[in-house]
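What follows is one structure encoded as structure tokens, with my remarks underneath.
Since every read-out is calculated from the coordinates, none of them should be taken as a lab result. These figures come from a predicted structure and were not determined experimentally. Don't worry about glycine lacking a Cβ; one is built from the backbone with ideal geometry, like all the others, and counts go over all protein chains shown.
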Amino acid sequence: DAGITQSPRHKVTETGTPVTLRCHQTENHRYMYWYRQDPGHGLRLIHYSYGVKDTDKGEVSDGYSVSRSKTEDFLLTLESATSSQTSVYFCAIRARGQGTNYGYTFGSGTRLTVV
Amino acid sequence: DAKTTQPNSMESNEEEPVHLPCNHSTISGTDYIHWYRQLPSQGPEYVIHGLTSNVNNRMASLAIAEDRKSSTLILHRATLRDAAVYYCIEANAGGTSYGKLTFGQGTILTVHP
């Protein structure tokens, strides 16, 4: 989908190593989100950002940190990867349409495997 | 926890209409109703959203009950490409929620040829 890209698309890493996932948008939207998706759990919010250097925790933030030094990039870091963080990670941006209507656009996901 | 309730699965035949129900009995007056779908190995895709009035777009229609406690996503003619997991979500425009989405398990739609 135009406007949002995630990198890398796939990654295998070892337990205990740091990992950074990148979400890049070209839409200049203020709100960005990181979700993870596991079988049987649907999508769960990890962290979100409501502006440059403005971030906050979601429901499953333990073991993760984020940074947003510029509008277009929202980085998710696993400080010390564990097997429980094996998951598919999705980034989302919140668009704004007419009036107060808005829709969300999701990236294609990053499949992370921690071995 | 998700604030919406959807059936776990539904089935349809190709080229027939599909009505996907969603209950959101505790929805606040300022929450929008969003629908997203997720095809296998892809990220969720926006389908439609609304507040009070019924909404139509090129993908689907959204019928919202007068009391806003339930809604129905209508696919007018299902195709095999519509087979996906459909999520109904309450979305607040802002304030302290910052527009965070809470996903439930969704409805798995199977379309038979």
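Using a simple charge model, +1 on the beta-carbon of Lys and Arg, -1 on the beta-carbon of Asp and Glu, nothing else, what dipole does the protein assembly as shown show about its Cα centre, in debye to the nearest 20? Don't skip to the answer; put the middle values down first.
Details: 21 positive and 22 negative charges, 105 e Å.
Once rounded to the nearest 20, the dipole reads 500 debye.
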| If the cut-off is a Cα-Cα distance under 19 Å, which aspartates and glutamates reach A:K70, setting aside same-chain residues fewer than 8 apart in sequence? | A:E27, A:D54, A:D56
| field | ³J(HN,Hα) computed for each position of the stretch A:104-114 - Karplus, 6.51 cos²θ - 1.76 cosθ + 1.60, integer Hz, glycine/proline x | value | 10, 10, 9, x, 7, x, 10, 8, 10, 10, 10
| field | Cα-based reach from A:K53 at 14 Å (exclusive), listing aspartates and glutamates while leaving out same-chain residues under 8 positions away | value | A:E72, A:D73
| request: Please order A:V60, B:V18 by the number of other Cβ within 10 Å, starting at the fewest. | output: A:V60, B:V18
| What is the mean number of Cβ atoms from other protein chains located within 10 Å of the Cβ atom of each residue in peptide B:38-44, rounded to a whole number? | 6
| request: Work out the mean other chain Cβ neighbour count within 10 Å for the residues of B:70-82 and drop it here as an integer. | output: 0
| remark: Percent relative contact order for chain B, counting Cα pairs under 8 Å at least six residues apart, stands at 37
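Can you tell me the relative contact order of chain A? Whole percent, Cα pairs under 8 Å, sequence separation 6 or more. Walk me through the numbers before you get to the answer.
Values: 294 pairs, mean separation 39.6, N = 115.
Relative contact order of chain A: 34 percent.
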| lysines whose Cα lies under 16 Å from that of B:K100, excluding same-chain neighbours fewer than 8 positions away | A:K57, B:K3
| query | What's the average, rounded to a whole number, of partner chain beta-carbon atoms within 10 Å of each residue's beta-carbon in A:104-110? | reply | 5
| task | Taking H placed 1.01 Å from N in the peptide plane, check which residues at least 5 places from A:T86 or on another chain put their amide H under 5 Å from its amide H. | result | A:V114
